[in-house]
Every structure is written in structure tokens, then in C-alpha cells.
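Engineer: One structure is given below, represented as C-alpha cells, and several questions about it will come after.
The values are calculated or read from the model by the stated rules, or taken from the named source; none is laboratory data. These figures come from a predicted structure and were not determined experimentally. Quick reminder, even Gly has a Cβ in these numbers, built from the backbone with ideal geometry, and neighbours come from all protein chains shown. The area values use the complete protein model at the heavy-atom level, side chains included, leaving out ligands, DNA and RNA. Shrake-Rupley method; radii C 1.70, N 1.55, O 1.52, S 1.80 Å.
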Amino acid sequence: RKEIFRDQARANVGLIQMILTSIYESPNGRYKWDDAMHELGGYFSTEEATHQLETATDWGRYGELFNYDDDDGVFELEVAEYTPPEGEA
């Protein structure tokens, strides 16, 4: 079930795709919560952006797509990171 969830979330949830892409494109493999909030700020109120990002964080953690360090406010890939599908980076 978790693998199906992971595949569906990775393929169909735009915010999770944004987080993963940002991690991949980052030279240090990290993406800051504040940067994600800035991205969402143009589309949602601060309260709604926070809600959206919290949900995506929970889903990404559950699907083992990425980790989120609450203390540092940073997203990173899982230690046993998956290989992105062909054409994704």
C-alpha cells in the first residue's frame, strides 16, 4: 500500500513534486520550509500555505519520499532514497 501511495503522490501531487524537484536541484540536497512557503505565498494565504505544506510533508514522510527536520526546517531525501523515474531530476 505504501509503495502505491508513494508512486501516486510522486506522480500526482504537485506540491510533493515541487519539494522533490527542489531537493534534487539543490547543490546540498536540501530544501528549506521557508523557501517552500515563499513559493506558495503567491497562491495561498499564509494559513492555507502552511496547511498545504504540512499535509504534503506528512504525505511525503509517510510515502518515504523525503524527510523533514523540524528543528532545521529542511526537507531532505530519505536515506534509502529512491531513484526518480526516467526524465525526472
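Engineer: How many residues does region 1-52 hold that are in a helix (DSSP H, G or I) and either hydroxyl-bearing (Ser, Thr, Tyr) or surrounded by 11 or more Cβ atoms within 10 Å (Cβ to Cβ) (or both)? So that I can check it myself, show each step before the final result.
Structural biologist: The initial filter retains those residues of region 1-52 that are in a helix (DSSP H, G or I), namely 2-12, 14-25, 33-41, 46-52.
Filter once more, keeping what is either hydroxyl-bearing (Ser, Thr, Tyr) or surrounded by 11 or more Cβ atoms within 10 Å (Cβ to Cβ) (or both): 5-11, 15-24, 33, 35-41, 46, 48-52.
Selection size over region 1-52: 31.
Engineer: Out of (1) out of contact with any Leu (no Cβ under 6 Å at 6 or more places or on another chain); (2) of a type in the set (A, V, I, L, M, F, W, C); (3) more than 19 Å from Glu78 (Cβ to Cβ), the odd one out for Ala49 is which?
Structural biologist: With respect to (1) out of contact with any Leu (no Cβ under 6 Å at 6 or more places or on another chain); (2) of a type in the set (A, V, I, L, M, F, W, C); (3) more than 19 Å from Glu78 (Cβ to Cβ), Ala49 is out only on (1).
Engineer: For region 53-73, give me each residue that is polar (S, T, N, Q) and open to solvent by 30 Å² or more (accessible area, probe 1.4 Å).
Structural biologist: Start the filter on region 53-73 by keeping residues that are polar (S, T, N, Q), which leaves 55, 57, 67.
Within region 53-73, Thr55, Asn67 meet the criteria.
Engineer: Looking at region 12-46, which of its residues are aliphatic (A, V, I, L, M) and in contact (Cβ under 8 Å) with a residue 60 or more places away in the chain?
Structural biologist: Correct list: Leu20 only.
Engineer: So, Glu64, is that one part of a loop (DSSP other than H, G, I, E, B) and either under 23 Å from Phe5 (Cα atoms) or hydroxyl-bearing (Ser, Thr, Tyr) (or both) or not?
Structural biologist: Here the answer is yes, as Glu64 does meet what is asked.
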